[in-house]
Amino acid sequence: MAMHARASMARQAFARLSRRIAEIEGRSVCLPAHRARLPFSIRPLDAMLSGGLRRDALHEIRSTTTRDSIAAAGFAVALLVRLGMGDHRPFLLVSEADALGEAGHPYGPGLERFGLDPAKLVVVRSRRPTETLWVFEEALRCRALAAVLAEIRGHPRQLDLTASRRLALRARESGVMGLLLRQAGAAEPGVAATRWHVAPRPAAILDDFAAGIGRPAWRLALECNRNGPTGIFDLEWNHGSRAFALAEPARPALPLSRASLSGDRPHPSADAGTIMAFRRAS
Amino acid sequence: MKSALRLAALDERARQLRLHPGQALADARAMIPALETAAEDCTADRVLLESLADWAERYTPLVALDADHGLILDITGTAHLFGGEEALVADLCTRLTAQGFFARAAIADTPGAASAAARFTELSVVPAGTAATMLAPLPLAALRLDRETVSAMDRVGLKRIGQIAALPRAPLAARFGTMLIRRLDQALGLEEESIAPRRPVAPLSAERRFAEPIAREDDVAQTLASLAATLAASLEARGLGARALELALFRVDGFVARTVVATSRPVRTPKLVLDLFREKFAGLGETFDAGFGFDVIRLAVNATAPQNPAQIDLAGDADSDAGLGQLIDRIGARLGPARVGRIVAENSHIPERAERFALAGDDAPKENFGPLPSFDPDSAIDRPLRLFTRPEPVEAIAEVPDGPPVRFRWRRVLYRVARAEGPERIAAEWWRNDDLTRDYFRVEDISGHRFWLFREGLYGRESLAPRWYLHGVFA
């Protein structure tokens with residue numbers, strides 16, 4: 001018994017010392033290999049990312065317009081859900097007041113349907129870019145978190161190259177994944193390990209019900225990848241199995257059309273389409 | 001009240017010239033033609049008195065306002081810190097005189113006796129047990145009675161406290177009211193009177209006084225650290241942690257600066273307390289204005305909660321839960337406590353009321369989001385990822401009475417609906433008579449944007465022109 005206790009104490013002391021040495025040398029904390037990357041489980045995408053998204057890095061996700069920002073937010077939340085499957089630590093979400101006003105606030109029942117348990121989320125609402133940046137940096141240093149998602153609008157002056165480098169460094173030291181979500185952001189060079197552009201896409205068909213809205217789907221463009229090539233993917237999210245899948249090519253969507261009641265009058269408008277036949281009700 | 005201008009307060013010279021408060025201004029001017037007067041400003045006087053009360057907290061936290069421009073301090077047990085009662089009174093009067101006030105102070109066994117001694121005698125300390133002899137020759141106004149009672153008793157010939165102390169009580173109470181007897185008993189110490197302090201007294205506090213006022217930020221931080229260490233020892237002895245801390249900095253010129261920090265979990269480690277205050281100051285962004293320096297710094301614990309001794313596991317790693325709690329507290333200190341929290345479920349079928357933003361320090365029991373009975377992981381997502389706090393009005397064209405929108409305009413952009421699912425009918429709560437039923441539709445436009453729209457009011461039955469709103473967006 002005493003030998004077992006001594007052996008386990010020795011092992012713990014050894015683990016502590018090796019972590020300390022890694023810290024002194026500036027290497028990132030040694031994560032077990034299978035936890036060092038977040039895979040998509042989609043072969044071509046994982047191959048491009050050399051196994052998956054790096055857990056100890058900063059990643060940037062942007063959308064071109066505010067209208068499309070919800071697609072980027074959905075992709076980010078899907079990544080958090082994937083992370084949460086292997087890691088039970090909570091996440092921190094910091095949103096700027098501008099971003100919340102434009103695109104709405106995260107909705108508990110909606111998050112839960114999507115696959116993310118809202119109890120695992122710590123929500124911070126900041127007012128200014130300086131506050132957002134400070135919270136982002138401090139949260140990235142907290143090893144009790146699995147990931148931090150920061151939502152900002154556009155390109156504030158405070159989030160310059162120096163600031164991003166500092167954020168990337170914090171992520172590398174602590175192993176906490178940093179996701180920077182830009183609403184209405186333009187492509188610009190940065191230090192993030194990967195940069196994504198998300199655009200919405202018609203939802204996949206569910207159970208052959210062509211008129212129904214199926215699983216969320218997006219067009220993802222991997223714009224910048226530090227360690228590999230870039231590409232464009234159409235992905236859909238399955239909230240039940242909590243997995244990504246390649247989306248089928250979209251069928252051209254037909255706008256809902258109804259024959260107008262005034263179709264029998266002369267000079268119908270072009271929107272009405274071609275009126276084939278009519279039977280009057282009375 | 002006779003309608004004439006009367007003197008409300010006099011300075012020392014006016015008093016020497018035999019003027020007294022309540023005298024008519026015309027009479028006073030007749031006596032002294034060169035009299036300078038200023039209109040009485042009760043509000044400003046009160047503000048000044050309250051700031052003096054703040055300053056007086058350097059002696060004791062139990063400070064109350066007394067009628068007629070006075071303060072009452074309960075200095076039980078604190079006199080030895082100043083070298084004795086005489087020294088305390090001398091220090092108080094010196095500082096007040098240095099600030100430009102004319103002040104009289106007296107220490108006695110009871111608030112009543114002290115108030116009388118300060119106003120009507122020249123004593124600074126009334127020895128214990130001599131209150132009765134001290135009070136005997138004083139006029140009845142010294143008993144803090146109202147003017148009608150005093151003038152009523154004056155008419156009967158009762159002018160000194162000594163006269164009424166000897167009289168039988170029941171007829172006095174019947175004639176002049178029970179307040180007279182109460183005030184007499186309170187002044188003599190026969191009835192217990194405690195003062196009502198202006199601010200709640202903190203259960204635990206530590207302070208430091210400086211003979212030489214300090215002004216540098218580093219010195220203040222160092223003092224704060226040592227005060228936190230002192231408090232940590234007391235807290236640990238009681239098995240408590242602090243949930244709210246207040247730092248009071250007393251400037252030499254009388255101004256008091258207070259900062260409050262609240263935490264979601266009890267803390268007592270001095271380093272954590274120091275971090276919280278540092279974040280708070282950084283968040284306030286004000287420059288540190290020490291004036292001529294601080295001569296008293298007090299750290300008080302306003303609220304406590306039980307806290308067990310910290311468990312350290314064999315490897316010596318800190319508790320990771322504590323790490324997240326500390327982060328949340330620091331964010332709350334820097335941004336404000338209302339900005340950090342979690343999303344918790346509420347029991348309501350109205351969408352915007354089905355969730356709530358619970359602040360970090362909120363201890364109320366939280367409901368979890370359990371799967372709703374109708375939620376099936378294989379079905380489509382029926383609630384949006386993001387919700388607008390206030391549903392945004394849209395102009396929509398839809399088939400009446402129950403059809404989904406065909407086109408709608410939101411924020412000046414026209415969207416053509418390609419697919420629509422619904423309606424999901426959500427009626428208002430039955431006890432709210434005026435709210436309308438909502439029919440929610442999940443719509444997708446030709447580009448792939450997915451929205452949650454609702455029509456407010458059933459066509460025909462509840463409203464003739466139902467309006468459309470956009471409540472949320474789906475990923």
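Report the relative contact order of chain B, percent, no decimals, based on alpha-carbon pairs under 8 angstrom and at least 6 residues apart. Can you show the working numbers first?
On the way: 722 pairs, mean separation 40.4, N = 475.
Relative contact order for chain B comes out at 9 percent.
Output the 0 to 90 degree angle, nearest 10, between the alpha-carbon long axis of helix B:320-335 and the longest principal axis computed from the alpha carbons of chain B.
Roughly 70 degrees, rounded to the nearest 10.
Given that compact globular proteins tend to follow 2.2 N^0.38 Å, what is the ratio of the alpha-carbon Rg of the range B:5-79 to that value? Intermediate results must be reported in sequence, preceding the final value.
Working: Rg = 16.4 Å, N = 75, 2.2 N^0.38 = 11.3 Å.
After normalising by residue count via 2.2 N^0.38 Å, the value is 1.44.
So what's the range A:37-246 giving for Rg/Rh, alpha carbon basis, Kirkwood Rh from the mean inverse pair distance?
Details: Rg = 16.0 Å, Rh = 17.1 Å.
Dividing the radius of gyration by the Kirkwood radius yields 0.94.
Starting from the coordinates of the alpha-carbon atoms of the protein assembly as shown, obtain the Kirkwood hydrodynamic radius over all distinct pairs and give the value in Å to one decimal. Mind dumping the intermediate values first?
Details: mean 1/r = 0.0308 Å⁻¹.
Averaging 1/r across every pair of different Cα atoms and inverting gives 32.5 Å.
Quick one: grab the alpha carbon gyration tensor of the range B:39-121, order the square roots of its eigenvalues as a ≥ b ≥ c, and give me rounded if a/c is under 1.5, else prolate or oblate depending on whether a/b is larger than b/c.
Details: a/c = 1.67, a/b = 1.47, b/c = 1.13.
Cα axes put the range B:39-121 in the prolate bin.
Taking Cα pairs under 8 Å and at least six residues apart, what relative contact order does the range B:207-331 come out at, in percent?
Values: 189 pairs, mean separation 47.1, N = 125.
After rounding, I find 38 percent.
From the phi angles alone, apply the Karplus equation (6.51, -1.76, 1.60; θ = phi - 60°) to the range B:133-148 and give each ³J(HN,Hα) in whole Hz, x where the residue is Gly or Pro.
The phi angles translate into 5, 5, 7, 3, x, 7, x, 5, 4, 5, 8, 6, 9, 7, 5, 5 Hz.
Arranged from highest to lowest average of other beta-carbon atoms within 10 Å per residue, in what order do the peptides B:169-180, B:11-22, B:460-471 appear?
Values: B:169-180: 13.8, B:11-22: 11.6, B:460-471: 15.4.
Order by mean packing, descending: B:460-471, B:169-180, B:11-22.
Could you work out the equivalent-ellipsoid semi-axes for the range B:207-331, taking the square root of 5 times each eigenvalue of the Cα gyration tensor, largest first, in whole Å? Before the final figure, lay out each step's value.
Details: eigenvalues 161, 47, 31 Å².
Ellipsoid half-lengths, sorted descending, are 28, 15, 12 Å.
Expressed as an acute angle from 0 to 90° and rounded to the nearest 10, what is the orientation of the C-alpha long axis of helix B:111-120 relative to the principal long axis of chain B?
Approximately 50 degrees, to the nearest ten.
Using Cβ contacts closer than 10 Å as the measure, can you line up A:61, B:297 from fewest to most?
In increasing order of surrounding Cβ atoms, one gets B:297, A:61.
Can you put B:97, B:304, B:76 in order of Cβ neighbours within 10 angstrom, beginning with the fewest? Let's see the in-between values first.
Details: B:97 11, B:304 19, B:76 8.
The order, fewest Cβ neighbours first, is B:76, B:97, B:304.
Please arrange B:292, B:281 by counting, for each residue, the other beta carbons lying within 10 Å of its beta carbon, fewest first.
Working: B:292 10, B:281 19.
The most exposed by this proxy come first: B:292, B:281.
Apply the Karplus parameterisation 6.51 cos²θ - 1.76 cosθ + 1.60, with θ equal to phi minus 60°, to every residue of the range B:57-64 and state each ³J(HN,Hα) to the nearest whole Hz, in sequence, with x for glycine and proline.
5, 5, 8, 7, x, 8, 10, 10
Give, to the nearest whole percent, the P(r) tail of the range A:1-151 beyond 26 angstrom, counting all Cα pairs. If you can, show how the numbers build up before the last one.
Working: 4322 of 11325 pairs.
So the pairs more than 26 Å apart make up 38 percent of the total in the range A:1-151.
For chain B, just the Cα atoms, rotate onto the principal axes and tell me the three extents in Å, largest first.
96, 69, 50
Would you mind calculating the gained length between residue B:17 and residue B:103 on full extension (0.36 nm times residue separation, minus the Cα-Cα distance), in nm to one decimal? List each step's numbers first, then the result.
Working: separation 86, 0.36 × 86 = 30.96 nm, distance 1.88 nm.
Result for the pair: 29.1 nm of gain on full extension.
Whole-Hz Karplus ³J(HN,Hα) for the range B:198-207, in order, using 6.51 cos²θ - 1.76 cosθ + 1.60 and θ = phi - 60°, x for Gly and Pro?
5, 10, x, 7, 6, x, 9, 7, 9, 9
Between residue A:18 and residue B:303, what is the spin-label point distance in nm, taking each point 7 Å from the Cα along the Cα→C-beta axis?
The answer from the label model is 4.6 nm.
Give me a single rounded figure for B:411-422: the average over its residues of other chain Cβ atoms within 10 Å of their Cβ. Spell out each step's value before the answer.
Values: counts 3, 0, 2, 0, 1, 5, 3, 9, 13, 4, 4, 1.
Mean number of neighbouring Cβ atoms from other chains: 4.
Calculate, for residue B:429 and residue B:41, the FRET efficiency according to 1/(1 + (r/R0)^6) with r their C-beta to C-beta distance and R0 41 Å; round to the nearest 0.05. Intermediate results must be reported in sequence, preceding the final value.
Numbers: r = 53 Å, r/R0 = 1.28.
Using R0 = 41 Å, I get an efficiency of 0.20.
Let me have the relative contact order for the range A:37-246, percent, based on Cα pairs under 8 Å that are six or more residues apart.
Numbers: 447 pairs, mean separation 58.8, N = 210.
Here the relative contact order equals 28 percent.
So which aspartates and glutamates pass the test for residue B:280, namely a Cα distance under 19 Å, with those fewer than 8 places away in the same chain ruled out?
Leaving aside aspartates and glutamates fewer than 8 places away in the same chain, those within reach of residue B:280 are A:131, A:137, A:138, B:217, B:218, B:219, B:246, B:289, B:329.
If you average 1/r across every pair of different Cα atoms in the range B:386-474 and take the reciprocal, what Kirkwood value do you get, in Å?
Working: mean 1/r = 0.0761 Å⁻¹.
Result for the range B:386-474 stands at 13.1 Å.
Using the Cα centre as the reference, give the magnitude of the dipole from point charges on the C-beta atoms of the range B:82-223 (Lys, Arg: +1; Asp, Glu: -1; all else neutral), rounded to the nearest 20 debye.
On the way: 17 positive and 17 negative charges, 159 e Å.
Computed about the Cα centre, the dipole is about 760 debye.
Quick check on packing: order B:33-41, B:129-137 by the mean number of other C-beta atoms within 10 Å, highest mean leading. Please list the in-between numbers first.
Values: B:33-41: 9.0, B:129-137: 15.6.
With the highest mean Cβ count within 10 Å placed first, the list reads B:129-137, B:33-41.
To the nearest 20 debye, what is the magnitude of the charge dipole of the range B:1-144 about its Cα centre, counting +1 on the Cβ of each Lys and Arg and -1 on the Cβ of each Asp and Glu?
Numbers: 12 positive and 18 negative charges, 107 e Å.
Magnitude of the dipole: close to 520 debye.
Classify the range B:48-188: rounded, prolate or oblate, from the alpha-carbon gyration tensor (a ≥ b ≥ c, eigenvalue square roots; a/c under 1.5 rounded; otherwise prolate if a/b is larger than b/c)?
Working: a/c = 2.33, a/b = 1.92, b/c = 1.22.
Note, shape of the range B:48-188 comes out prolate.
Counting Lys and Arg as +1 and Asp and Glu as -1, each charge on the Cβ, what is the dipole of the range A:37-246 about the Cα centre in debye, to the nearest 20?
Details: 28 positive and 22 negative charges, 103 e Å.
In total the dipole reaches around 500 debye.
Based on the alpha-carbon gyration tensor of the range B:1-40 and its eigenvalue square roots a ≥ b ≥ c, which shape applies: rounded if a/c is under 1.5, prolate if not and a/b is larger than b/c, or oblate?
Details: a/c = 1.62, a/b = 1.40, b/c = 1.16.
It comes out prolate by the Cα gyration axes.
Counting only other chains, what is the mean number of Cβ atoms within 10 angstrom of the Cβ of each residue in peptide B:444-454? List each step's numbers first, then the result.
On the way: counts 7, 5, 6, 7, 13, 8, 9, 1, 3, 0, 0.
Mean shielding by partner chains, rounded to a whole number: 5.
Which order, highest average first, do B:223-232, B:79-88, B:379-388 follow once you tally other Cβ atoms within 10 Å for each residue and take the mean per peptide?
On the way: B:223-232: 19.0, B:79-88: 14.9, B:379-388: 22.4.
Descending packing order for the listed peptides: B:379-388, B:223-232, B:79-88.
Compute the FRET efficiency between residue B:278 and residue B:51 as 1/(1 + (r/R0)^6), taking r as their Cβ-Cβ distance and R0 = 35 Å, and round to the nearest 0.05. Working shown, then result.
Numbers: r = 28 Å, r/R0 = 0.79.
The computed FRET efficiency comes out at 0.80.
For peptide A:155-165, what's the mean number of Cβ atoms from other chains within 10 Å of each residue's Cβ?
On the way: counts 0, 0, 0, 0, 0, 0, 0, 0, 0, 0, 0.
Mean number of neighbouring Cβ atoms from other chains: 0.
Values quoted throughout were computed directly from the atomic coordinates according to the rules given, and no laboratory measurement underlies them. In this text the structure is predicted, and so the values were computed from the model without any measurement. Neighbour counts run over all protein chains shown; Cβ positions are idealised from the backbone, glycine included.
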